[in-house]
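Everything on this sheet refers to the single structure shown next.
The values are calculated or read from the model by the stated rules, or taken from the named source; none is laboratory data. Everything numeric here is computed off the predicted structure, so don't read it as measured data. Note that each Cβ is placed from the backbone with ideal geometry, even for glycine, and that neighbours are counted across all protein chains shown.
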Amino acid sequence: MFCAPYKQKTAGDGAGLYYTCRAMKSKELVREAKQIAGSYRVSEGRGLRLKDYDPGDTNGLKDKKEARKTLERGVELLSEFQEKLYAQDRWALLLIFQAMDAAGKDGAVKHVMSGINPQGCSVTAFKAPSREELDHDYLWRAHKAIPERGKIGIFNRSYYEEVLVVRVHQELLGPQSLPQDLVGKDLWDQRFEDINHFERYLARNGVVILKFFLNLSKSEQKKRFLERLEMPEKNWKFSMADVKERGCWRDYQKAYQEMIRNTATKYAPWHVIPADNKWFTRLAVASVIIDKLRSLDLEFPEADKDKRRELAQVRKALVEGKD
Ligand code: ATP
Ligand code: MG
């Protein structure tokens, strides 16, 4: 089971015991996160079939309450990693979320990032492009939003819409005003190729990329849509456009499958996360992020000789100061 409650009886002072237990819990958490992350990671997508992935899967976990507790601890651990990421100021982390409506993108972002210092994190939601955005290449708006070193950037939808909604509704290509000669049958393959190059470029510049496809079933989407209609506080989340897109379900599944097949790479893997159980979706997303951050061996930068001398002077000034 994912991180059973940890009990340890040892003699010694309270604080020491607290930190020992904490460290061991973290170790256990990290181990379990690695297992979950590995179950859903796709680094090579050739031949992948989405129908082989069960949206209701919970990786053998049944206890929602236990999972929630584990998520809480996971969020604490994430926040520890984030502090180091920020202090070290070398890597940036880019998290990309793609999914059908009501798959739980917003909830996953909200819960998983709840312990994160907002100063080190930004969320960008990509909606239908504006006139100005349409006048540029499609990566332009995304590139501007890539997180800087030390920070975490979350893309709620992304440039992947260019091979999803635009592929399903090809009339959306019209307003992009591309030169006619450049719009041929190879367009989608070219976009995959360009996206892979873009991501490799980012990876080579220290941007760690994790991509999440929240894999929702059509029946669960219906249930969530009906809920949104029935609960006044959820009405705002619902629009006729969502139902229209639901009508294109098969085309979307095909487009997602093609997308993963062509853009899952070692340097920017996809994760096909089961999305029919929100509690598991959140735990799985957190696990993937924990597993990756752990692998970066993040550490607080050590003060060098000059810095230590400076700190000693600061201390002296403070101690000897009159007030
Ligand atoms: P979400 O649906 O992500 O929860 P929302 O309902 O608040 O967010 P919407 O107004 O639905 O926001 O905006 C997202 C819409 O923008 C989606 O239908 C998406 O397909 C569309 N979109 C995003 N990027 C593009 C793009 N490059 N070209 C065309 N449409 C796009
Ligand atoms: Mg929407």
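What's the total number of residues in the range 230-242 that are in a helix (DSSP H, G or I) and away from ligand 1 (no atom under 15 Å from the Cβ)?
Of the residues in that region, 3 qualify.
Could you count how many residues in the range 282-307 are at pLDDT below 95 and buried (at least 20 other Cβ atoms within 10 Å of the Cβ)?
Adding up the residues that qualify gives 0.
Since S177 meets every condition but one in (1) on the phi < 0 side of the Ramachandran plot; (2) touching a residue at least 12 places away in the same chain (Cβ under 8 Å), which condition does it not meet?
Here S177 clears every test but (1).
Under the condition of being over 16 Å from L283 (Cα atoms) and either within 16 Å of ligand 2 (Cβ to nearest atom) or free of Cβ contacts under 8 Å to residues at least 40 places away in the same chain (or both), which residue from the range 86-117 is surrounded by the fewest Cβ atoms within 10 Å (Cβ to Cβ)?
N117
Anything in the range 78-110 that is more than 15 Å from ligand 1 (Cβ to nearest atom) and in a helix (DSSP H, G or I)? List them, or say none.
L78, S79, E80, F81, Q82, E83, K84, L85, Y86, A87, Q88
Give the residue, chosen from R224, R228, that is within 14 Å of ligand 2 (Cβ to nearest atom), touching a residue at least 24 places away in the same chain (Cβ under 8 Å), over 18 Å from L93 (Cβ atoms) and in contact with a Leu (Cβ under 9 Å, 6 or more places away or on another chain).
R224
Regarding the range 244-256, can at least one residue be identified that is within 13 Å of ligand 1 (Cβ to nearest atom), touching a Leu at 6+ places or on another chain (Cβ under 6 Å) and not in a loop (DSSP other than H, G, I, E, B)?
Within the range 244-256, one or more residues are within 13 Å of ligand 1 (Cβ to nearest atom), touching a Leu at 6+ places or on another chain (Cβ under 6 Å) and not in a loop (DSSP other than H, G, I, E, B).
Return yes when N215 is touching a Ser or Thr at 6+ places or on another chain (Cβ under 7 Å), touching a residue at least 24 places away in the same chain (Cβ under 8 Å) and surrounded by 12 or more Cβ atoms within 10 Å (Cβ to Cβ) and no when it is not.
So N215 fails the test.
Among helices (runs of 4 or more DSSP H) lying entirely in the range 129-221, which contain 3 or more residues that are within 25 Å of M113 (Cα to Cα) and away from ligand 2 (no atom under 16 Å from the Cβ)?
Helices (runs of 4 or more DSSP H) meeting the threshold: 140-144, 187-204.
Count, please, the residues in the range 257-277 that happen to be assigned to a strand (DSSP E or B) and surrounded by fewer than 22 Cβ atoms within 10 Å (Cβ to Cβ).
1
For the range 139-154, does any single residue satisfy the condition of being exposed (fewer than 13 other Cβ atoms within 10 Å of the Cβ) and over 20 Å from M100 (Cα atoms)?
Within the range 139-154, one or more residues are exposed (fewer than 13 other Cβ atoms within 10 Å of the Cβ) and over 20 Å from M100 (Cα atoms).
If you check I209, I152, which single one turns out to be closer than 23 Å to A255 by Cβ, out of contact with any Lys or Arg (no Cβ under 9 Å at 6 or more places or on another chain) and β-branched (V, I, T)?
After applying the criteria, what remains is I209.
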